[in-house]
Amino acid sequence: MIRFLSIWNWIAFGLTLLFWSAVAISHRVLLPWELTTPLEKGASAVTYGFLLGDMFYSLPLLFLAARGLALRKSWGWMSAQMANALWIYSMTLILIRDGFTRWSPGGLLFIPFLIVAIISIPWLWKNRSFFGIN
């Protein structure tokens, strides 16, 4: 399970980086200052806010989790738990938003990571001794 979670976090890192790079490069979502109505500006700002949040927080945590879990380090365990919490938090927002609008590509793409996060949080807690945590 540790090897699976390490590889899973590498996959999450790669897909997250690829997804947000595609959003930024494609310019399919206009920047807030390129829009006119407050609702459109707000929706765009939320998208780019998620992009920045994932770049500054999720990607470093996913990288540390993947590496640290493979090495069975306590900092890897902690990074994985923090990344899992971010999956639950961000996907809750995305799924509620998508439930009131339409299913977004990101919402569909990242559902498996939410499921693994929900399963792995208690597993990692129960097996924290593998990482030198009492």
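The values are calculated or read from the model by the stated rules, or taken from the named source; none is laboratory data. The structure displayed is predicted, hence computed values, not measured ones. Methodologically, a virtual Cβ is constructed for each residue, glycine included, from the backbone with ideal geometry; neighbour enumeration extends over all protein chains shown. These accessible areas exclude ligands, DNA and RNA; they are computed on the full protein's heavy atoms, side chains included. Shrake-Rupley method; radii C 1.70, N 1.55, O 1.52, S 1.80 Å.
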- Query: Just how large is the dipole of the range 55-134 about the Cα centre, in debye to the nearest 20, putting +1 at every Lys and Arg Cβ and -1 at every Asp and Glu Cβ?
  - Reply: 220 debye
- Query: How much of the accessible area of the range 1-94, probe 1.4 Å, is carbon plus sulfur, in whole percent?
  - Reply: 74 percent
- Treating only the Cβ atoms of Lys and Arg (+1) and Asp and Glu (-1) as charged, compute the dipole magnitude of the chain about its Cα centre; round to the nearest 20 debye. 520 debye
- For the chain, with every protein chain kept in place, what is the accessible area per residue (1.4 Å probe, Å²)? 61 Å²
- Item | Binned Cα-Cα distances of the chain, short to long, each 5 Å bin given as a whole percent | 2, 10, 19, 22, 17, 12, 8, 6, 3, 1, 0
- Nearest-ten-degree value, helix 74-100 long axis tilted from longest Cα axis of the chain: 30 degrees
- For residue 118 and residue 97, what does the FRET efficiency come to when R0 = 25 Å and r is the distance between their Cβ atoms, rounded to the nearest 0.05? 0.85
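Report, in deg cm²/dmol and to the nearest 500, the calculated mean residue ellipticity at 222 nm for the chain, where each DSSP H run with n ≥ 4 adds -39500 (n - 2.57) and the sum is divided by the residue count.
Working: 5 runs with 102 residues, N = 134.
Computed ellipticity for the chain at 222 nm equals -26500 deg cm²/dmol.
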